[in-house]
Structures are given as C-alpha cells and as structure tokens.
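See below for the structure under consideration.
The values are calculated or read from the model by the stated rules, or taken from the named source; none is laboratory data. Since we're looking at a predicted model, the values are computed, not measured. Here the Cβ is made from the backbone with ideal geometry for all residues, glycine too, and neighbour counts use every protein chain on show. Accessible surface areas use protein heavy atoms only, side chains included; no ligands, DNA or RNA. Shrake-Rupley method; radii C 1.70, N 1.55, O 1.52, S 1.80 Å.
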Amino acid sequence: MRNRRRGTSVERGVEGEGRTGDGETRNEFSGSGGPVIQGRDFHGAVTINGFVDRPAGTTGDAALVQAADDLASAVQRQWREEAALRRLNDPYPLPVRWRPAEPQLMESWRSLVRLATTGVGRAASASPSGWAPGPEELTGGGGELVKVLASVPTGRLVLLGDPGSGKSMLLVRLVLDLLARRRHGDPVPVLVPLASWDPDREDLDLWLEQRLGIDYPWLGDPGRTGTARARELLDAGAILLVLDGLDEIPDRVRGRAIARINDALGHRPDLGMVLSSRSAPFAAT
C-alpha cells in the first residue's frame, strides 16, 4: 500500500487477500506495516484521513527526556543542600505571604487568557479549568506558590518585594515544591541568579546555555544534534526558568534585559518562567 503526502512516499508492507475454497473471502496480512482498514458494504461516500507519522524532529526524544530527568535530580540535590544550609525548615518554614501587584505593573488578565488560548504556537492542551478568574485570586502564602503559578494562564509570574522580604527563599521553596510534584518528562525548574548576565552583550538563550554549562557541567557537552545539551533542553521546552534578581542587573541595561526576556518568551510560547525583582527597580524600569 502506498501513501503519498507532502511530496514524499511512505511504504507500508501489506500482503495478501486470499480466497478459500468454499467461496468465502479471508484476509491475511504479513510484513511490517501501518494501520489496515477493512470494511464491507459501504453505502455512500467514505472519507479516511491519512495517518500522520511522528515528526522526524522528535526522533531520540527518549535521550532528551532522560537528560531532563538527570537535570531534575541534580537541581533537587543542589537546592535541598542549600535549603539545609539556610535552615529553611528549621524549626519550620518562615511564613511568607503575597498579594497581586499594582495593576500598572501587570498585563490585564483578559490579555493573559487570550494569549494562553489563542497565541500562535501555544500548546492546544492548555486547560482553563485550573486558571484563576482574575489576579485578585493570586493572594496566598506558605507553600501555595506552586498552585498560584498553575493558576496563571501563561505559566509566567513576576515576584516583587522589598529587600529582605524573602523572595530568594520563596524561589528556593518553589523549585523544591515543583520538583516534588514533577512527573517523568515534565519541565525542570532551574533557579538561576541574573547578576552575571550582561544583556547588552548576550541574548538570554546564549547566556543561559553558558550558565547552565557552568552550574551543571555535563549540560555543556554536545547532544545528539551537535549543540550543547543545555540548548537542546531549552529549545525543547524542557526547562522552566526561575530567574532571580532582575534588580541586580545595572540600571542602565535593565530595560534591555526585560526586552531580551520578552524576546525569549516570544520565541517559545509555551516556556514557563518565574522572575524576581525588588519592587522599586522593576517599577522604575
């Protein structure tokens, strides 16, 4: 059976229709082939949609999934040790609460829903059932930040606060809580301080690729495509970015940093992200 589509041909090995001696017809199939459709006594037009093979670009995804799982284990080990050093659970986690930012510091909720449901290149699997009806529902505290992130239609969140308000501590907790809930193949939350990034010299992707190769050296090795494993994971949407300290980038280039971040998000519509900053520098920028 030959199936033609998009200028290419796909061979499917299907052999044999036999007729028995008693006049009945039986079908025998052998060889390797795709789905076989059999029918009898059709009345009216019959339409069969072609079978779509797995895109060639996904070949070898098992290796990429394994790389993501290995990264998840490394990140979890790293931040568990850091949480112990900072004594985040001793004798109990310090209480932190939050509320929605001022309206002028965020996109309208309607725009976020529109982007999440109709944005070009976004996954069709987005489910509005778990989304908050508006930003007023984001108020919370303690370990609820995981739920808050899941309730934002775009999966992107900016965390603002004054110096010493517990932003970095909250991000560490978020990463560990996300990893505790992570399923095989899910994106890996990776916490990266922004202080060393110069957005005038490097776009976010290049800097992240280099930074991840420093923090997790095996991610600097070439993957199956010849590019670094870190870039492969980024390109595959296998990393959820947790970027800490936008305010630590110098004032003169902070606006450029935000533009670079927006560019990276625009190129990857399904990329999740959490960004922290002190409130005043973010508002000024």
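Other residues whose C-beta falls under 11 angstrom from the C-beta of L219 contribute a net charge of -2, scoring Lys and Arg +1 and Asp and Glu -1.
Rolling a 1.4 Å probe over the heavy atoms of the protein chains gives region 181-285 an accessible area of 46 Å² per residue. Region 147-201 and region 219-285 have their alpha-carbon centroids 11 Å apart. Here the average projected area of the convex hull drawn through the C-alpha atoms of region 79-119 stands at 5.2 nm². Carbon-plus-sulfur accessible fraction, region 189-274 (probe radius 1.4 Å, protein heavy atoms only): 47%. For the pair L206 and E248, label points projected 7 Å from Cα toward Cβ lie 2.2 nm apart. Ranked by the mean number of other Cβ atoms within 10 Å per residue, highest first, peptides 85-94, 255-264 order as 255-264, 85-94.
The slack between D198 and D270, meaning 0.36 nm per residue of separation minus the straight C-alpha distance, is 23.4 nm. Label-to-label distance for R86 and D162 is 2.0 nm, based on points extended 7 Å past Cα in the beta-carbon direction. The phi-based Karplus calculation (6.51 cos²θ - 1.76 cosθ + 1.60; θ = phi - 60°) puts the 3J(HN,Hα) values of region 206-214 at 5, 5, 4, 4, 5, 5, 5, x, 7 Hz, whole numbers, x for Gly and Pro. Take 201-213, 232-244 and order them by the average number of nearby Cβ atoms within 10 Å per residue, most first; the result is 232-244, 201-213.
Taking every C-alpha pair closer than 8 Å and separated by at least 6 residues, the mean separation divided by the residue count of region 141-285 gives a relative contact order of 33 percent. Relative to the globular-protein estimate of 2.2 N^0.38 Å, the Cα radius of gyration of region 114-224 stands at 1.25. Over all Cα atoms in region 62-148, the spread is summed up by Rg and Dmax: 17.9, 47 Å. Scanning residues 5 or more positions from L275 or on other chains, those with amide H under 5 Å from its amide H are L157, V158, L159, L243, with H placed 1.01 Å from N in the peptide plane.
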